[in-house]
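The values are calculated or read from the model by the stated rules, or taken from the named source; none is laboratory data. Everything quoted here is computed from the prediction, not taken from an experiment. When we count neighbours, we look across all protein chains shown, and the Cβ atoms used for this are built from the backbone with ideal geometry, even at glycine.
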Amino acid sequence: MQADKSLRVYDSLLDLIGDTPLVRLHKITKDLKGQFFAKIEAFNAGQSSKDRIAAYIIDQAEKNGLLKAGSTIVETSSGNTGFSLSMIGAIKGYRCIIAISDKSSMDKVEMLEALGAEVHLCPSNVAPDDPRSYYQVAKQIHENTPNSVYINQYFNELNIQAHYHSTGREIWEQTQGGVTHVVVCSGTGGTISGIGRYLKEQNPNVKILGVDAYGSAIKKYHETREFDPAEIYPYKIEGLGKNLIPTATDFDVIDEFVKVTDKESALMAREMARSEGLFMGYTCGAAMQAVKQYAEMGKFDENSVVVVLFPDHGSRYMSKIYNNEWMKQQGFL
């Protein structure tokens, strides 16, 4: 029997990456002006937006002869990119070594190990150039591992290209060119930058609204083009914000940033599950909290068509934001 997408018969999970749905939001946005749609990236094969960059970067590395039989993939990750790389590595036969922040949920660590990845847990509250940081650990592993490829998502232009060619195009087509605002979390910056580049090319008036975390240097850098170490302190949200400035962020296509708190983001994710039936991840709560804050700032009106990107699924946070004991320990409940 042949694969036939019209019959939803596929050769592999790789064919189930991209083309994620837009879902109209109702109760959570009932008091806001405009129409609101969630781009639900949990519908990707690996349940996060990181499937897109993993598939795209691996494909480019294969085409350029960097990845071949017996190669090893090395990467830094807060969990989702590592999962996507490990999933694709399992399909294609590549060994995967992932340096992951100890801020990441144990759910993510165990999922990586379930896919056969070798996981190195690294402290999150150290400087990027500290030899214990997951950036430096991954670099060292890459240097010491023959026939390895370091994905380096924070400083890889292909990260942006992956979303330019897929996510940005999808949002434009799904809204039939009617999108007026997009709200996107920024970590590596690849998602918001790729979407922003594509949509600004179609319509320069589309507003690209970023989401950053308290404890991250991204928002201030966007405003001043200066890195301020005083902005950096520990926070809980995984995959949002950064303690360095990734070159995979194209700040020129981003109109504005707001910062969201750990507590409000966690509570918002839980509220979405109970009001909309959307069981989404921590950064999804952050994105929705940012929508509320942008609305309070008067960014939207009755004619606004707002797309908010939800990066991953709630199942990766059962030990954190969906665990009442953890929430109480943080003072969130």
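Candidates in the range 263-293 are the residues that are touching a residue at least 12 places away in the same chain (Cβ under 8 Å) and not in a helix (DSSP H, G or I); of these, the one that is farthest from Lys236 (Cα to Cα) is Leu278.
Note on the range 8-40: residues that are assigned to a loop (DSSP other than H, G, I, E, B) and buried (at least 17 other Cβ atoms within 10 Å of the Cβ) total 6. Sub-8 Å Cβ pairs linking a first residue in the range 97-123 that is outside the structural domain of Gly241 (by TED's automatic domain parsing) to a second residue that is surrounded by fewer than 18 Cβ atoms within 10 Å (Cβ to Cβ) and part of a helix (DSSP H, G or I), at least 6 apart or interchain, are Asp107/Ser315; Leu115/Ala90; Gly116/Ala90; Val119/Glu113, ordered by first then second residue. With respect to the conditions (1) more than 30 Å from Pro128 (Cα to Cα); (2) of a type outside the set (Ser, Thr, Tyr); (3) surrounded by fewer than 15 Cβ atoms within 10 Å (Cβ to Cβ), Leu199 falls short on a single one, namely (3).
Criterion applied to Tyr235, Tyr221 was being touching a residue at least 24 places away in the same chain (Cβ under 8 Å), assigned to a loop (DSSP other than H, G, I, E, B) and touching a helix residue (DSSP H, G or I) at 6+ places or on another chain (Cβ under 8 Å), and the one residue passing it is Tyr235. Of everything listed in (1) assigned by TED's automatic domain parsing to the domain that holds Leu240; (2) under 26 Å from Tyr164 (Cβ atoms), the single unmet condition for Leu32 is (2).
Yes or no: the range 108-121 includes at least one residue that is basic (Lys, Arg), part of a loop (DSSP other than H, G, I, E, B) and under 30 Å from Ala266 (Cα atoms). No: zero hits.
When restricted to residues that are free of Cβ contacts under 8 Å to residues at least 24 places away in the same chain and at positive phi, the range 152-211 contains 1. Among residues of the range 294-315 being assigned to a helix (DSSP H, G or I) and over 30 Å from Glu110 (Cβ atoms), the one that is nearest to the chain's Cα centre (by Cα) is Tyr294. Checked against (1) touching a residue at least 40 places away in the same chain (Cβ under 8 Å); (2) within 15 Å of the chain's Cα centre (by Cα), Phe43 meets all criteria but (1).
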